[in-house]
Amino acid sequence: MSAVDSAHSAAPAPTPAPTPAMTREELEELIREGVPLVGNFGIVVDSLGAGTIRLRLPYKDDFVRPGGTVTGPAMFGLADVALYGAVLSLIGRVELAVTTSMTINFLRRPPPVAIIAEARVLKLGKRLAYGEILLFSEGDPEPVAHVTGTYSIPPHDPVTVAVSHYRVDGAS
């Protein structure tokens, strides 16, 4: 066996992706009923993984501001609920998890089309979660905004699956 073959055979098998703590349907219902302002935007959960989410904000004339671009508040609401969903995908239905800070950088003007949010949790601790969100105009691979945010997590049952296989409950 060559050194290359030996090095490749010693590598551990990839770990399967953890299952999200909520389903797409549960999260969509929570967005509609628990966050009614943003829930009325018609947001759809396209995909959900443990610590990641992809949402779609359908185009509505109500979201267009003077100049023919999607309004910032609609994009900010989408980004906020995207990070909320990514956090809950790790900790389950802890509805009192709240935004403590969020910063949005608008990179370019989005045309009046649907907006896609791709969020991921970068760090999950016992009381705080930090993540980022990229917003895209539907059909365009270049982001229109980059968002970072922190969520405060109230006391809840221990989390056993988290980002990068880090276990919040102290187990290894």
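The values are calculated or read from the model by the stated rules, or taken from the named source; none is laboratory data. Since the model is a prediction, treat every value here as computed from it, not as a measurement. Here Cβ is always computed from backbone atoms with ideal geometry, including for glycine, and neighbour counts include all displayed protein chains.
General remarks:
- Qualifying residue in the range 87-95 (condition: part of a strand (DSSP E or B) and surrounded by fewer than 16 Cβ atoms within 10 Å (Cβ to Cβ)): no
- For the range 125-137, a residue qualifies if it is surrounded by fewer than 24 Cβ atoms within 10 Å (Cβ to Cβ) and either closer than 15 Å to MET102 by Cβ or modelled with pLDDT under 95 (or both), and the qualifying residues are GLY125, LYS126, ARG127, LEU128, TYR130, GLU132, LEU134.
- Flag for PRO112 being modelled with pLDDT of 95 or more and under 30 Å from GLY68 (Cβ atoms): no
- Scanning the range 30-49 for residues that are within 19 Å of LEU96 (Cα to Cα) and either part of a strand (DSSP E or B) or of a type outside the set (Val, Ile, Thr) (or both) yields LEU30, ARG32, GLU33, GLY34, PRO36, LEU37, GLY39.
- Where ARG56 falls short, out of the listed (1) in a helix (DSSP H, G or I); (2) of a type in the set (D, E, K, R); (3) under 21 Å from GLY139 (Cα atoms); (4) touching a strand residue (DSSP E or B) at 6+ places or on another chain (Cβ under 7 Å): (1)
- Cβ-Cβ under 8 Å pairs, at least 6 apart or on other chains, the range 110-131 side part of a loop (DSSP other than H, G, I, E, B), far side basic (Lys, Arg): ALA114/ARG56
- Search result, residues across the range 77-88 that are over 15 Å from ILE116 (Cβ atoms) and either out of contact with any helix residue (DSSP H, G or I) (no Cβ under 9 Å at 6 or more places or on another chain) or among the aromatic types (Phe, Trp, Tyr) (or both): TYR84, VAL87
- Residue count for the range 52-69, restricted to those that are at pLDDT below 95 and either over 12 Å from ILE115 (Cα atoms) or among the β-branched types (Val, Ile, Thr) (or both): 8
- Checked against (1) surrounded by 14 or more Cβ atoms within 10 Å (Cβ to Cβ); (2) within 29 Å of ILE153 (Cα to Cα), PRO111 meets all criteria but (2).
- Qualifying residue in the range 76-83 (condition: modelled with pLDDT of 95 or more, surrounded by fewer than 15 Cβ atoms within 10 Å (Cβ to Cβ) and over 15 Å from THR150 (Cβ atoms)): no
- Condition check for GLY72: under 18 Å from PHE41 (Cβ atoms), in contact with a strand residue (DSSP E or B) (Cβ under 9 Å, 6 or more places away or on another chain), in contact (Cβ under 8 Å) with a residue 12 or more places away in the chain and buried (at least 23 other Cβ atoms within 10 Å of the Cβ): no
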